1. Go over the candidates 16, 39, 47 one by one and state the one that is touching a residue at least 40 places away in the same chain (Cβ under 8 Å) and under 27 Å from residue 176 (Cβ atoms).
2. Could you check segment 339-353 and list, in sequence order, the residues that are part of a helix (DSSP H, G or I) and loosely packed, with under 15 Cβ neighbours inside 10 Å?
3. Taking the condition of being in contact with a strand residue (DSSP E or B) (Cβ under 8 Å, 6 or more places away or on another chain) and assigned to a loop (DSSP other than H, G, I, E, B), how many residues in segment 246-263 meet it?
4. For segment 13-52, how many residues are over 25 Å from residue 378 (Cβ atoms) and not in a loop (DSSP other than H, G, I, E, B)?
5. Every residue in segment 124-160 that is farther than 18 Å from residue 111 by Cβ and surrounded by 21 or more Cβ atoms within 10 Å (Cβ to Cβ), please.
6. All but one of (1) modelled with pLDDT of 95 or more; (2) surrounded by fewer than 23 Cβ atoms within 10 Å (Cβ to Cβ); (3) under 24 Å from residue 205 (Cβ atoms) hold for residue 356; which doesn't?
7. Could you name every one of the strands (runs of 3 or more DSSP E) located completely within segment 56-165 that has at least 3 residues being in contact (Cβ under 8 Å) with a residue 40 or more places away in the chain?
């Protein structure tokens, strides 16, 4: 049978508690959602600032559709690059504090575009062991040598850099690690890149909009002139998480961005994103910068969760971000806890291998400014009850 091996693999995945299934969302994103016919309190989304269903963004998208239509109709280098895209790129560069920016359809495509455009057979990519899959896939596709260092192990990274005589060196790292919620040590990474003549690509998918006083991400969080003015820095952030819409951008030196327009296949050979989304994202940038209360509420909710959740069998991993991983261990138990929470009306996803290492299955609790203290209190009560069973 043509697909018999797939059927066998799916059966084994189910037996191991690793089979993935899609939920059907029947409402806008928010603290409370309707999923598969049930109304649930959700700690599942990356909508960290509660903007995905914001009336101002909806109205901006409608204005954009009226002015530019629904689809871009072509790639950026044919006739798909609109005034809306151009204005957003200018504002994103200014927002990140870097010379220039380039829009991509997704963060995955942005990482693919950058790494495959810059690196080749005679080069080396150095990557944190817990980086997002898109960074790993991009490194493999670039045909460069791919060397991984233990999570946040700067001594190991330095030894690898020192031993390399490659033509080009690129260090790639998540800024906020998506399954652990911890931060990359940006100043130290940049110092190593300066010392060993390497670029640094930072994937700030989960920091943009959240970190920093005005939500400008990990660059603002560390707030150093060194981080902003070095030409070694390649900054990538997504626009479908805290920004509440869709897409991604890369920012850095003008020469970098001009080079990506010429060489990034993930940018060149795809239809441009709907321009109405760029109009909505300009409104999102305004809200991110102006409404500090959203980040303040997030900080309060993070503190409430961490102060209130004192598990005995499970482990709340260290994180100062909206990503709060509760380490369970076995995939079967993580799935059982997630299902028990859903029966109590609370949606928290179980994250299992291969997304995380073997025997580190966890609940990935995602907090949002759309949540209330009462919402977090309900989650805490439910988790305490389940751990005692």
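The values are calculated or read from the model by the stated rules, or taken from the named source; none is laboratory data. Just so we're clear, the structure is a prediction, and the values are computed from it rather than from any experiment. As a convention, Cβ positions derive from the backbone with ideal geometry for all residues, glycine included, and neighbour counts pool all protein chains shown.
1. On inspection, the qualifying residue turns out to be 47.
2. 339, 343
3. Qualifying residue count for the region: 2.
4. Selection size over segment 13-52: 3.
5. Hit for segment 124-160 is 157, nothing else.
6. So residue 356 meets the others, but not (1).
7. 100-104, 124-128
Per-residue answers, yes or no, for (1) within 24 Å of residue 353 (Cα to Cα); (2) at pLDDT below 95:
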{"site": "5", "(1), (2)": "yes, yes"}
{"site": "36", "(1), (2)": "no, yes"}
{"site": "41", "(1), (2)": "no, no"}
{"site": "48", "(1), (2)": "no, no"}
{"site": "56", "(1), (2)": "no, no"}
{"site": "72", "(1), (2)": "no, no"}
